[in-house]
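The values are calculated or read from the model by the stated rules, or taken from the named source; none is laboratory data. A quick note: this is a predicted structure, and the numbers were derived from the prediction, not measured. Note that each Cβ is placed from the backbone with ideal geometry, even for glycine, and that neighbours are counted across all protein chains shown.
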Amino acid sequence: MSSTLVHVGVRSTDLEKTIRFWRDGLGLPVVSQIGECYDLSDGQHNFRVFQHQGPERPSHVSGMLDYLHIGIRVADLEEAAQRLLDMGYEIYSDGLGGKVPLDVHSLEEGAFKVEDPDGITVDVTASDNQWPGVRPR
């Protein structure tokens, strides 16, 4: 039996800031909005972002101790990194010693990490070979 991953959802503490991060910073288009719920999509996967309505929640654990991170492939790695940097986000690599700031003009590793407004680590690459089993369209 084979399954297909089609949907990921996250709850955001600041919905507008989170949508700007994913839409404007990483280029994932909004395909639908109903109230405080946005659907973004690459045409194959649905990424739903909701406004968190519950009690105050603890900060997200990020970096090497994260319990959730999301990967995204972009067309131009340096351009995406510069956009996010201009928006005030830190572009980094993480290793055993923690976050290592990266120069957006020499992304030799072929990828970088950035945290969304709620602290979720996002792995960003332009490579088609970053994640085994994925067949880019």
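The residues of segment 66-113 that are without any contact (Cβ under 8 Å) to a residue 12 or more places away in the chain and hydrophobic (A, V, I, L, M, F, W, C) amount to a single one, 100. Checked against the criteria, residue 28 counts as closer than 19 Å to residue 125 by Cβ, in contact with a helix residue (DSSP H, G or I) (Cβ under 9 Å, 6 or more places away or on another chain), in a loop (DSSP other than H, G, I, E, B) and of a type in the set (A, V, I, L, M, F, W, C).
When residues in segment 1-33 are screened for being in contact (Cβ under 8 Å) with a residue 40 or more places away in the chain, within 15 Å of the chain's Cα centre (by Cα) and more than 17 Å from residue 87 (Cα to Cα), 6 of them pass. Report, by residue number, each residue of segment 82-135 that is part of a loop (DSSP other than H, G, I, E, B), surrounded by 14 or more Cβ atoms within 10 Å (Cβ to Cβ) and of a type in the set (D, E, K, R). 116, 118 - these are the residues of segment 82-135 that are part of a loop (DSSP other than H, G, I, E, B), surrounded by 14 or more Cβ atoms within 10 Å (Cβ to Cβ) and of a type in the set (D, E, K, R). For segment 37-48, the set of residues classified as touching a Lys or Arg at 6+ places or on another chain (Cβ under 8 Å), within 25 Å of residue 79 (Cα to Cα) and at pLDDT 95 or above consists of 38, 39, 40, listed by residue number.
Hey, can you tell me all the residues within segment 8-36 that are polar (S, T, N, Q), out of contact with any Phe, Trp or Tyr (no Cβ under 9 Å at 6 or more places or on another chain) and either surrounded by 15 or more Cβ atoms within 10 Å (Cβ to Cβ) or under 23 Å from residue 78 (Cα atoms) (or both)? Break it down into steps so the answer makes sense when it comes.
Of all residues in segment 8-36, those polar (S, T, N, Q) come to 12-13, 18, 32-33.
Imposing the further condition that a residue be out of contact with any Phe, Trp or Tyr (no Cβ under 9 Å at 6 or more places or on another chain) reduces the set to 13, 33.
Hit for segment 8-36 is 13, nothing else.
Among the residues of segment 64-81 satisfying the criterion of being assigned to a loop (DSSP other than H, G, I, E, B) and within 18 Å of residue 94 (Cα to Cα), which is modelled with the lowest pLDDT? The residue in question is 66. Each residue in segment 37-52 was checked for being over 20 Å from residue 84 (Cβ atoms), surrounded by fewer than 16 Cβ atoms within 10 Å (Cβ to Cβ) and free of Cβ contacts under 8 Å to residues at least 40 places away in the same chain, and 1 pass.
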